[in-house]
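Data block below; observations after.
The values are calculated or read from the model by the stated rules, or taken from the named source; none is laboratory data. For clarity, every value in this text was computed on a predicted model and none was experimentally measured. Reconstructed Cβ throughout: ideal geometry from the backbone, glycine too, with neighbour counts over all protein chains shown.
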Amino acid sequence: MPYICSNLLEILLESKIISDFVGQFTDAKLLMNFHGEVNEERIGSILGEVEQKLENTEEDFKKQRKVYNILVEGLQNLYHHTDAMSNGNDTESRTAAFVLGRKESEYSILTANFIETENIAPLRAKLDKINSLDKDGLREYYKEVLDNGQYSVHGGGGLGMIDIARKSGNKLEYNFSDVNDHFGLYILKIKV
Amino acid sequence: MDPIKIEGTPKTPTVNFDAESGILEVKGRSIPENAIEFYKPLVDWIGNYGDSAKSNTVVNIQLEYFNTSSSKCILDVFKKLESVNGKTNITINWHYEEDDEDMLEAGEDYQAIINIPFKMIEMEEM
(Lines give C-alpha, C1' and ligand atoms only; values in the text may rest on other atoms or scores of the structure.)
Protein backbone atom coordinates (compact mmCIF):
# COMPACT_ATOMS: atom_id res chain seq x y z
CA MET A 1 0.00 0.00 0.00
CA PRO A 2 1.52 3.33 -0.99
CA TYR A 3 2.19 5.87 1.70
CA ILE A 4 0.70 9.25 0.95
CA CYS A 5 1.01 11.61 3.87
CA SER A 6 -0.54 11.83 7.28
CA ASN A 7 -2.52 15.01 6.84
CA LEU A 8 -5.22 13.97 4.40
CA LEU A 9 -7.93 15.50 6.52
CA GLU A 10 -6.09 18.83 6.55
CA ILE A 11 -5.83 18.75 2.77
CA LEU A 12 -9.60 18.40 2.56
CA LEU A 13 -10.22 21.08 5.17
CA GLU A 14 -7.85 23.50 3.41
CA SER A 15 -9.32 22.97 -0.04
CA LYS A 16 -10.73 26.27 -1.30
CA ILE A 17 -13.08 24.51 -3.70
CA ILE A 18 -14.64 22.60 -0.80
CA SER A 19 -14.85 25.56 1.59
CA ASP A 20 -16.35 27.81 -1.12
CA PHE A 21 -18.90 25.11 -1.87
CA VAL A 22 -19.87 24.73 1.78
CA GLY A 23 -19.94 28.54 2.21
CA GLN A 24 -22.71 29.08 -0.35
CA PHE A 25 -25.29 27.41 1.90
CA THR A 26 -26.79 28.76 5.09
CA ASP A 27 -26.61 26.36 8.04
CA ALA A 28 -30.23 25.40 7.62
CA LYS A 29 -29.69 24.48 3.98
CA LEU A 30 -26.48 22.54 4.56
CA LEU A 31 -27.89 19.06 4.95
CA MET A 32 -24.58 17.23 5.29
CA ASN A 33 -20.95 18.25 5.64
CA PHE A 34 -18.71 15.28 6.23
CA HIS A 35 -14.92 15.05 6.18
CA GLY A 36 -13.17 11.97 7.42
CA GLU A 37 -12.50 8.31 7.02
CA VAL A 38 -15.03 6.31 5.05
CA ASN A 39 -15.96 2.65 5.35
CA GLU A 40 -19.09 0.70 4.49
CA GLU A 41 -20.65 1.26 7.87
CA ARG A 42 -20.01 5.01 7.80
CA ILE A 43 -21.46 5.30 4.27
CA GLY A 44 -24.55 3.42 5.46
CA SER A 45 -25.09 5.70 8.43
CA ILE A 46 -24.58 8.88 6.35
CA LEU A 47 -27.15 7.64 3.83
CA GLY A 48 -29.62 6.83 6.60
CA GLU A 49 -29.22 10.29 8.10
CA VAL A 50 -29.58 12.04 4.74
CA GLU A 51 -32.66 10.00 3.82
CA GLN A 52 -34.28 11.13 7.06
CA LYS A 53 -33.42 14.77 6.38
CA LEU A 54 -34.74 14.59 2.83
CA GLU A 55 -38.00 13.12 4.10
CA ASN A 56 -38.34 16.04 6.49
CA THR A 57 -37.38 18.85 4.09
CA GLU A 58 -38.53 17.79 0.64
CA GLU A 59 -42.26 17.63 -0.08
CA ASP A 60 -41.80 16.45 -3.66
CA PHE A 61 -41.48 12.70 -3.29
CA LYS A 62 -40.04 12.15 -6.78
CA LYS A 63 -37.36 14.74 -6.19
CA GLN A 64 -36.60 13.26 -2.80
CA ARG A 65 -36.12 9.85 -4.35
CA LYS A 66 -34.00 11.16 -7.22
CA VAL A 67 -31.67 13.02 -4.88
CA TYR A 68 -31.39 9.99 -2.61
CA ASN A 69 -30.66 7.64 -5.51
CA ILE A 70 -27.89 9.89 -6.80
CA LEU A 71 -26.44 10.06 -3.29
CA VAL A 72 -26.38 6.27 -2.96
CA GLU A 73 -24.51 6.02 -6.23
CA GLY A 74 -22.24 8.96 -5.43
CA LEU A 75 -21.28 7.68 -1.99
CA GLN A 76 -20.76 4.08 -3.06
CA ASN A 77 -18.64 5.38 -5.94
CA LEU A 78 -16.74 7.58 -3.55
CA TYR A 79 -15.98 4.63 -1.34
CA HIS A 80 -14.99 2.24 -4.12
CA HIS A 81 -12.85 4.74 -5.99
CA THR A 82 -10.96 6.13 -3.05
CA ASP A 83 -7.64 4.39 -3.37
CA ALA A 84 -6.66 2.90 -0.07
CA MET A 85 -3.45 4.29 1.30
CA SER A 86 -1.33 4.07 4.35
CA ASN A 87 -1.65 6.91 6.80
CA GLY A 88 1.71 6.16 8.31
CA ASN A 89 0.33 4.03 11.14
CA ASP A 90 0.33 0.81 9.11
CA THR A 91 -3.43 0.94 8.88
CA GLU A 92 -5.44 1.27 5.72
CA SER A 93 -7.37 4.49 5.45
CA ARG A 94 -9.77 5.97 2.97
CA THR A 95 -10.32 9.65 3.60
CA ALA A 96 -13.01 11.56 1.76
CA ALA A 97 -15.42 14.49 1.95
CA PHE A 98 -19.11 14.66 1.16
CA VAL A 99 -21.30 17.76 1.20
CA LEU A 100 -25.01 18.17 0.42
CA GLY A 101 -26.72 21.53 0.28
CA ARG A 102 -29.95 22.99 -1.02
CA LYS A 103 -30.89 26.27 -2.69
CA GLU A 104 -34.59 26.58 -3.28
CA SER A 105 -35.47 23.44 -5.21
CA GLU A 106 -31.95 22.67 -6.42
CA TYR A 107 -29.70 20.28 -4.53
CA SER A 108 -25.92 20.39 -4.88
CA ILE A 109 -23.65 17.51 -3.99
CA LEU A 110 -19.89 17.56 -3.62
CA THR A 111 -17.69 14.52 -3.19
CA ALA A 112 -13.92 14.65 -2.73
CA ASN A 113 -11.50 11.77 -2.53
CA PHE A 114 -7.87 10.86 -3.12
CA ILE A 115 -6.90 8.82 -6.13
CA GLU A 116 -3.65 7.51 -7.56
CA THR A 117 -2.16 9.81 -10.19
CA GLU A 118 -2.21 7.11 -12.86
CA ASN A 119 -5.99 6.81 -12.47
CA ILE A 120 -6.59 10.50 -13.15
CA ALA A 121 -6.24 10.51 -16.97
CA PRO A 122 -8.71 7.67 -17.62
CA LEU A 123 -11.22 9.13 -15.16
CA ARG A 124 -10.91 12.58 -16.74
CA ALA A 125 -11.44 11.05 -20.20
CA LYS A 126 -14.55 9.27 -18.96
CA LEU A 127 -15.99 12.41 -17.34
CA ASP A 128 -15.32 14.41 -20.52
CA LYS A 129 -17.04 11.79 -22.61
CA ILE A 130 -20.07 11.80 -20.29
CA ASN A 131 -20.24 15.60 -20.42
CA SER A 132 -20.08 15.61 -24.23
CA LEU A 133 -23.25 13.51 -24.49
CA ASP A 134 -26.87 14.63 -24.45
CA LYS A 135 -29.73 12.71 -22.78
CA ASP A 136 -30.13 10.15 -25.56
CA GLY A 137 -26.38 9.80 -25.98
CA LEU A 138 -25.98 9.05 -22.27
CA ARG A 139 -28.70 6.45 -22.47
CA GLU A 140 -26.95 4.69 -25.38
CA TYR A 141 -23.60 4.86 -23.58
CA TYR A 142 -25.20 3.39 -20.44
CA LYS A 143 -26.65 0.46 -22.41
CA GLU A 144 -23.31 -0.12 -24.13
CA VAL A 145 -21.43 -0.32 -20.83
CA LEU A 146 -24.24 -2.33 -19.18
CA ASP A 147 -23.92 -5.03 -21.82
CA ASN A 148 -20.13 -5.04 -22.30
CA GLY A 149 -19.62 -8.11 -20.10
CA GLN A 150 -17.02 -6.42 -17.91
CA TYR A 151 -17.33 -6.39 -14.15
CA SER A 152 -15.44 -4.50 -11.53
CA VAL A 153 -14.83 -6.09 -8.15
CA HIS A 154 -18.06 -4.69 -6.77
CA GLY A 155 -20.07 -5.42 -9.91
CA GLY A 156 -20.83 -1.98 -11.30
CA GLY A 157 -18.23 -2.02 -14.02
CA GLY A 158 -18.10 1.68 -14.79
CA LEU A 159 -21.81 2.53 -14.82
CA GLY A 160 -21.80 4.77 -11.74
CA MET A 161 -20.82 8.10 -13.27
CA ILE A 162 -23.03 7.57 -16.33
CA ASP A 163 -25.98 6.81 -14.09
CA ILE A 164 -25.36 9.90 -11.96
CA ALA A 165 -25.18 12.11 -15.07
CA ARG A 166 -28.35 10.57 -16.49
CA LYS A 167 -30.35 11.01 -13.31
CA SER A 168 -29.08 14.49 -12.51
CA GLY A 169 -29.77 15.84 -16.01
CA ASN A 170 -26.85 18.26 -15.58
CA LYS A 171 -23.21 18.33 -16.61
CA LEU A 172 -20.73 16.99 -14.05
CA GLU A 173 -18.30 19.55 -12.70
CA TYR A 174 -14.95 18.15 -11.66
CA ASN A 175 -11.48 19.16 -10.54
CA PHE A 176 -8.21 17.29 -10.08
CA SER A 177 -5.28 18.65 -8.10
CA ASP A 178 -1.92 17.09 -7.24
CA VAL A 179 -1.18 16.08 -3.65
CA ASN A 180 2.24 14.60 -4.38
CA ASP A 181 3.88 12.54 -7.15
CA HIS A 182 1.62 9.56 -6.50
CA PHE A 183 -1.72 10.95 -5.43
CA GLY A 184 -4.23 13.59 -6.44
CA LEU A 185 -7.42 15.02 -4.98
CA TYR A 186 -10.53 14.47 -7.08
CA ILE A 187 -13.51 16.73 -6.49
CA LEU A 188 -16.88 16.17 -8.15
CA LYS A 189 -19.91 18.46 -8.05
CA ILE A 190 -23.39 17.29 -9.03
CA LYS A 191 -26.56 19.39 -9.33
CA VAL A 192 -29.99 17.82 -9.04
CA MET B 1 -36.52 -28.06 -6.79
CA ASP B 2 -36.24 -25.93 -3.66
CA PRO B 3 -37.66 -22.41 -3.86
CA ILE B 4 -35.61 -19.33 -3.03
CA LYS B 5 -37.13 -17.18 -0.30
CA ILE B 6 -35.14 -14.17 0.82
CA GLU B 7 -36.52 -11.49 3.14
CA GLY B 8 -35.83 -7.94 2.04
CA THR B 9 -33.46 -5.66 3.95
CA PRO B 10 -32.88 -1.88 3.59
CA LYS B 11 -30.17 -2.75 1.06
CA THR B 12 -31.39 -5.91 -0.64
CA PRO B 13 -34.70 -6.95 -2.21
CA THR B 14 -37.24 -9.59 -1.24
CA VAL B 15 -36.86 -12.61 -3.51
CA ASN B 16 -39.36 -15.43 -4.08
CA PHE B 17 -38.47 -17.91 -6.80
CA ASP B 18 -40.96 -20.77 -6.87
CA ALA B 19 -40.50 -23.55 -9.42
CA GLU B 20 -43.86 -25.12 -8.43
CA SER B 21 -45.90 -22.08 -9.48
CA GLY B 22 -43.47 -20.78 -12.10
CA ILE B 23 -43.52 -17.34 -10.45
CA LEU B 24 -40.25 -15.49 -9.84
CA GLU B 25 -40.42 -12.24 -7.88
CA VAL B 26 -37.88 -9.58 -6.93
CA LYS B 27 -39.24 -6.67 -4.89
CA GLY B 28 -37.92 -3.69 -2.99
CA ARG B 29 -34.59 -1.94 -3.01
CA SER B 30 -31.32 -3.26 -4.35
CA ILE B 31 -28.39 -1.17 -3.20
CA PRO B 32 -25.79 -3.61 -1.81
CA GLU B 33 -22.11 -2.62 -2.11
CA ASN B 34 -21.40 -6.00 -3.61
CA ALA B 35 -24.29 -7.15 -5.75
CA ILE B 36 -22.51 -10.12 -7.35
CA GLU B 37 -22.61 -11.99 -4.05
CA PHE B 38 -26.37 -11.44 -3.75
CA TYR B 39 -27.38 -12.23 -7.33
CA LYS B 40 -25.15 -15.21 -8.16
CA PRO B 41 -27.38 -17.79 -6.36
CA LEU B 42 -30.42 -16.39 -8.22
CA VAL B 43 -28.69 -16.79 -11.59
CA ASP B 44 -27.59 -20.34 -10.68
CA TRP B 45 -31.13 -21.23 -9.59
CA ILE B 46 -32.58 -20.09 -12.95
CA GLY B 47 -30.00 -22.26 -14.74
CA ASN B 48 -31.27 -25.34 -12.88
CA TYR B 49 -34.91 -24.28 -13.22
CA GLY B 50 -34.66 -24.54 -17.01
CA ASP B 51 -34.65 -28.34 -16.85
CA SER B 52 -37.81 -28.70 -14.76
CA ALA B 53 -39.67 -25.51 -15.65
CA LYS B 54 -43.42 -25.07 -15.96
CA SER B 55 -44.73 -24.36 -19.44
CA ASN B 56 -45.23 -20.71 -18.45
CA THR B 57 -43.05 -18.59 -16.21
CA VAL B 58 -43.93 -15.14 -14.90
CA VAL B 59 -41.17 -12.88 -13.65
CA ASN B 60 -42.29 -9.96 -11.51
CA ILE B 61 -39.72 -7.25 -11.02
CA GLN B 62 -40.95 -4.57 -8.64
CA LEU B 63 -37.90 -2.59 -7.69
CA GLU B 64 -38.17 0.79 -6.09
CA TYR B 65 -34.55 1.52 -6.91
CA PHE B 66 -31.30 -0.28 -7.69
CA ASN B 67 -27.68 0.89 -7.73
CA THR B 68 -25.30 0.36 -10.65
CA SER B 69 -23.58 -2.44 -8.74
CA SER B 70 -26.90 -4.29 -9.16
CA SER B 71 -27.48 -3.21 -12.79
CA LYS B 72 -25.18 -5.73 -14.42
CA CYS B 73 -26.29 -8.49 -12.05
CA ILE B 74 -29.94 -7.87 -12.95
CA LEU B 75 -28.91 -8.08 -16.61
CA ASP B 76 -27.29 -11.45 -15.80
CA VAL B 77 -30.58 -12.64 -14.30
CA PHE B 78 -32.40 -11.64 -17.50
CA LYS B 79 -29.73 -13.24 -19.71
CA LYS B 80 -30.04 -16.48 -17.78
CA LEU B 81 -33.81 -16.30 -18.23
CA GLU B 82 -33.23 -15.71 -21.94
CA SER B 83 -31.15 -18.89 -22.09
CA VAL B 84 -33.99 -21.02 -20.63
CA ASN B 85 -36.72 -19.25 -22.60
CA GLY B 86 -38.00 -21.92 -25.00
CA LYS B 87 -37.99 -24.59 -22.32
CA THR B 88 -40.65 -22.39 -20.73
CA ASN B 89 -42.53 -19.33 -22.01
CA ILE B 90 -41.31 -16.39 -20.01
CA THR B 91 -43.00 -13.03 -19.47
CA ILE B 92 -41.24 -10.28 -17.55
CA ASN B 93 -43.49 -7.80 -15.73
CA TRP B 94 -41.48 -4.67 -15.00
CA HIS B 95 -43.29 -2.62 -12.34
CA TYR B 96 -42.53 1.05 -11.76
CA GLU B 97 -44.16 3.72 -9.70
CA GLU B 98 -46.35 6.32 -11.37
CA ASP B 99 -44.24 9.13 -12.95
CA ASP B 100 -40.95 7.43 -12.02
CA GLU B 101 -39.32 7.96 -15.39
CA ASP B 102 -35.91 6.77 -14.22
CA MET B 103 -37.28 3.32 -13.39
CA LEU B 104 -39.41 3.15 -16.55
CA GLU B 105 -36.32 3.98 -18.64
CA ALA B 106 -34.29 1.39 -16.73
CA GLY B 107 -36.86 -1.25 -17.68
CA GLU B 108 -36.85 -0.13 -21.30
CA ASP B 109 -33.06 -0.35 -21.37
CA TYR B 110 -33.21 -4.02 -20.34
CA GLN B 111 -36.05 -4.62 -22.78
CA ALA B 112 -33.83 -3.32 -25.60
CA ILE B 113 -31.08 -5.84 -24.74
CA ILE B 114 -33.10 -8.91 -23.74
CA ASN B 115 -35.10 -11.00 -26.17
CA ILE B 116 -38.03 -11.83 -23.86
CA PRO B 117 -41.38 -9.99 -23.88
CA PHE B 118 -41.50 -7.23 -21.24
CA LYS B 119 -44.69 -5.72 -19.86
CA MET B 120 -44.30 -2.26 -18.36
CA ILE B 121 -46.70 -1.93 -15.45
CA GLU B 122 -47.28 1.45 -13.85
CA MET B 123 -48.35 1.30 -10.22
CA GLU B 124 -49.88 4.02 -8.10
CA GLU B 125 -47.77 3.06 -5.13
CA MET B 126 -45.14 0.38 -4.69
Going through the stretch B:7-24 one residue at a time, which ones are under 17 Å from residue B:73 (Cα atoms), in a strand (DSSP E or B), β-branched (Val, Ile, Thr) and in contact (Cβ under 8 Å) with a residue 24 or more places away in the chain? B:15
Residue list for the stretch A:129-139, restricted to those being more than 10 Å from chain B (Cβ to nearest Cβ) and either free of Cβ contacts under 8 Å to residues at least 12 places away in the same chain or surrounded by 16 or more Cβ atoms within 10 Å (Cβ to Cβ) (or both): A:130, A:132, A:133, A:134, A:136, A:137, A:138
For the stretch B:13-46, how many residues meet the condition of being within 14 Å of chain A (Cβ to nearest Cβ) and of a type in the set (D, E, K, R)? 4
Which residue pairs have Cβ atoms under 7 Å apart, sit 6 or more places apart or on different chains, and have a first residue in the stretch A:26-54 that is away from every other protein chain (no Cβ under 14 Å) and a second that is in a strand (DSSP E or B) and among the charged types (D, E, K, R)? A:29/A:102; A:29/A:103; A:31/A:102
Take the conditions under 13 Å from the mean Cα position of the chain (by Cα) and within 30 Å of residue A:52 (Cβ to Cβ) and apply them to residue B:30. Does it pass? yes
Looking at A:25, A:21, A:34, can you tell me which residue is in a helix (DSSP H, G or I), among the aromatic types (Phe, Trp, Tyr) and either at pLDDT 85 or above or within 17 Å of the chain's Cα centre (by Cα) (or both)? A:21
Only one of B:109, B:100 that is charged (D, E, K, R), out of contact with any helix residue (DSSP H, G or I) (no Cβ under 6 Å at 6 or more places or on another chain) and at the interface with another protein chain (Cβ under 8 Å from one of its Cβ atoms): B:100
Output for the stretch B:25-42, where each listed residue is part of a helix (DSSP H, G or I) and crowded, with 18+ Cβ neighbours inside 10 Å: B:35, B:36, B:38, B:39, B:42
Extreme residue, farthest from the other protein chains (Cβ to nearest Cβ), among residues of the stretch A:55-64 that are free of Cβ contacts under 8 Å to residues at least 24 places away in the same chain and of a type in the set (S, T, N, Q): A:56
